[in-house]
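Below is a structure I'd like to ask you about.
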Amino acid sequence: MAPIASPSMSPHPPPQRPPAEGELVTLTLPTGRRITYRCYGPASGKPLFYLHGTPSSACESASFKHFTDSRDIRVIGPNQPGFGQSDLQPGRTISDHAHDIMAIADSLGYNRFHVMSGSGGGPYSLACANLISKDRLARVAVLAGVAPANLGTKGMDWQGLMRYFGIKGKSYEEKAKLFRKDIVIIGKSLGEKDKAAIANEEVAKEAIDSFIEAYETTADGALEDSALLVSDWGFELEDIPYEGIKLYFGTEDKATLVYPAREMQKILKKAEIIEFEGEGHWGIALNKGGEIFSTIFSKRSHRDDRADYYARNVLFGAGDITAQQAVERRGSNHDVLRTARMTAWGGCFFGPVVVQWYKLLNRVKIPGRPNVELVARVAADQLIFTPVNLLCFFTGMTLLEGGDPKEKLRKNYWSTLRTNLVLWPTVQLVNFKFVPLEHRLLLVNVVSLGWNSYLSYVNTRQS
């Protein structure tokens, strides 16, 4: 299918006032079918469409209220056809929902927006990535989303949907009582963090409100959706043109397993999978929402690794300047060519190589043993990459200086490697274990500035 045309062609003018927080809004399409949605966060914020799971509704978007205001984000949560007050769409496909998203975006006057989905909404984000033109789609993310059935569905329980089909005609209080009981039943099979999330009264209420709205008019929407999710989606993952989709998953998720997600990441173009150790299905948004929103709205494009290359240029150059001025006290006798050599090394060799190395390192997976996986990554980094990198550094820099690499390696290699093994394993263990995802690069860059100063000093002290 061809991408949806990029210009806004909606027959609906933008509303005279932005919808109030949590207000139910109805949009009537040219076909007469009605779709409903709710908005959360500042009205002037950056727009993000959140596509709810199954069975759920637009109320699910309320779970992100804690993260939207401080980040200036406006979350728009549409009800899928047959959910809440949205009309059924007989014979619909996964891809059809992308047209609904575009219609809502046009009606609100959004020319460019982000899309994220959760749980059973996962395929709908991918449909948007497949159909909506790149000039309108800023970022696509999937949060604990369903994978295609052919990638493995072991452990995914859709039979739980059937529990909800006996609620029609019951009052809000009766529905709430039934859903609270059901949450308790579900909670018995969950991991510790999911159990803690469900025990949170606010989280439980938001989940109950989402369930209740999902069946406001009919249960047919949820039944139809559950069938679509385990059927052919109508598009292939490898055919999706959008590059850099972000996949967020908890390693202890019992509903949407991380293993099929890893397979999706391999198929999608330049996709990035971010795994949260010990997180499950219900608690991932509550516990990691801040990190998730920070990475989705990061100004750095995942599709452009040049930012990392430039950073290495600056860090190596700044490290040499620090070494010459703060350590060696050269003052006006600063060696400009030496700084140029360090800068060139950082940007032309180390930057491109280390970016690809860390992508490879991120593929090291030891399911169910996060601490062992962490140690394995750090060990591979320090015992494979570091010795080779230092060998290349001293050899390359000496050749640029016109010297003898053998003599430089004899004098400096082993002592520098020992110093590296004292510093970096500790830094990386702390970084991966305790530092939030969005601050990890900052910590590495701060330490790298000092380390590059040391490298520059060692490289020249016995020249």
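Which pairs have Cβ atoms under 8 Å, sit 6 or more apart or on different chains, and link a residue in segment 314-327 that is outside the structural domain of C348 (by TED's automatic domain parsing) to one that is modelled with pLDDT of 90 or more and of a type in the set (S, T, Y)?
Pairs found: none.
Please give the number of the condition S44 fails out of (1) assigned to a helix (DSSP H, G or I); (2) modelled with pLDDT under 95; (3) more than 20 Å from the chain's Cα centre (by Cα).
Going through (1) assigned to a helix (DSSP H, G or I); (2) modelled with pLDDT under 95; (3) more than 20 Å from the chain's Cα centre (by Cα) one by one, S44 breaks only (1).
Answer yes or no: is there a residue in segment 25-32 that is buried (at least 17 other Cβ atoms within 10 Å of the Cβ), outside any helix (DSSP H, G or I) and touching a Ser or Thr at 6+ places or on another chain (Cβ under 7 Å).
Yes, some residue in segment 25-32 is buried (at least 17 other Cβ atoms within 10 Å of the Cβ), outside any helix (DSSP H, G or I) and touching a Ser or Thr at 6+ places or on another chain (Cβ under 7 Å).
Could you pull out the residue among K406, K365 that is out of contact with any strand residue (DSSP E or B) (no Cβ under 8 Å at 6 or more places or on another chain), in contact (Cβ under 8 Å) with a residue 12 or more places away in the chain and among the charged types (D, E, K, R)?
Sole residue among the options that is out of contact with any strand residue (DSSP E or B) (no Cβ under 8 Å at 6 or more places or on another chain), in contact (Cβ under 8 Å) with a residue 12 or more places away in the chain and among the charged types (D, E, K, R): K365.
Does I321 fit the bill of being loosely packed, with under 14 Cβ neighbours inside 10 Å and β-branched (V, I, T)?
No; evaluated as a whole, the condition is false for this residue.
I'm trying to understand the selection: among the residues of segment 96-125, which are outside any helix (DSSP H, G or I), within 22 Å of S231 (Cβ to Cβ) and at pLDDT below 95?
G118 - this is the single residue of segment 96-125 that is outside any helix (DSSP H, G or I), within 22 Å of S231 (Cβ to Cβ) and at pLDDT below 95.
G403 fails exactly one of the following numbered conditions: (1) at pLDDT below 90; (2) within 29 Å of V372 (Cα to Cα). What is the number of that condition?
(2)
Can you name the residue in segment 238-256 that is crowded, with 21+ Cβ neighbours inside 10 Å and among the aliphatic types (A, V, I, L, M) and, of all such residues, is nearest to K433 (Cα to Cα)?
Per the stated criteria, the residue is L247.
Further question on the same structure: Is it the case, given these coordinates, that A380 is among the aliphatic types (A, V, I, L, M), under 25 Å from the mean Cα position of the chain (by Cα) and either over 19 Å from V447 (Cα atoms) or assigned to a helix (DSSP H, G or I) (or both)?
So A380 fits the description; yes.
Could you list, in sequence order, all residues of segment 324-334 that are surrounded by fewer than 16 Cβ atoms within 10 Å (Cβ to Cβ) and outside any helix (DSSP H, G or I)?
R329, R330, H334
Restricting attention to segment 243-269, and to residues there that are in contact with a strand residue (DSSP E or B) (Cβ under 6 Å, 6 or more places away or on another chain) and assigned to a loop (DSSP other than H, G, I, E, B), which single residue is nearest to T295 (Cα to Cα)?
Result: I245.
Residue by residue, here is whether (1) among the aromatic types (F, W, Y); (2) more than 27 Å from H334 (Cα to Cα); (3) assigned by TED's automatic domain parsing to the domain that holds V364 holds:
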residue: L399; (1), (2), (3): no, no, yes
residue: G403; (1), (2), (3): no, no, yes
residue: Y413; (1), (2), (3): yes, no, yes
residue: T426; (1), (2), (3): no, yes, yes
residue: N431; (1), (2), (3): no, yes, yes
residue: L449; (1), (2), (3): no, no, yes
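Here's the yes/no breakdown for (1) closer than 16 Å to E60 by Cβ; (2) small (G, A, S); (3) modelled with pLDDT under 80:
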{"position": "K188", "(1), (2), (3)": "no, no, yes"}
{"position": "E213", "(1), (2), (3)": "yes, no, no"}
{"position": "E236", "(1), (2), (3)": "no, no, no"}
{"position": "L247", "(1), (2), (3)": "no, no, no"}
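Please pick out the residue among L337, L409 that is part of a helix (DSSP H, G or I), modelled with pLDDT of 90 or more, in contact with a Ser or Thr (Cβ under 8 Å, 6 or more places away or on another chain) and over 23 Å from V447 (Cα atoms).
L409
Just to be sure I understand the filter: pairs with C-beta atoms under 7 Å, separated by 6 or more residues or on different chains, first member in segment 20-38 and closer than 12 Å to Q85 by Cα, second member among the aromatic types (F, W, Y). Which pairs pass?
Pairs that qualify, where the first residue is closer than 12 Å to Q85 by Cα and the partner is among the aromatic types (F, W, Y), are V25/Y37.
Another question, then. Checking the structure you have, find out if any residue of segment 80-98 is crowded, with 22+ Cβ neighbours inside 10 Å, over 23 Å from the mean Cα position of the chain (by Cα), of a type in the set (D, E) and within 17 Å of A58 (Cβ to Cβ).
no
Somewhere in segment 372-390, is a residue touching a Phe, Trp or Tyr at 6+ places or on another chain (Cβ under 8 Å), surrounded by fewer than 16 Cβ atoms within 10 Å (Cβ to Cβ) and either over 26 Å from I274 (Cα atoms) or not hydrophobic (A, V, I, L, M, F, W, C) (or both)?
no
To continue, here is another question. For segment 301-332, which residues satisfy the criterion of being aromatic (F, W, Y) and at pLDDT 65 or above?
Y310, F316, listed by residue number.
Of T36, T68, T54, which residue is assigned to a loop (DSSP other than H, G, I, E, B) and in the same structural domain as V115 (by TED's automatic domain parsing)?
T54
The values are calculated or read from the model by the stated rules, or taken from the named source; none is laboratory data. It should be emphasised that the depicted structure is a prediction, and the values quoted were computed from it without experimental measurement. Glycine gets a Cβ as well: all are built from the backbone with ideal geometry, and neighbour counts include every protein chain shown.
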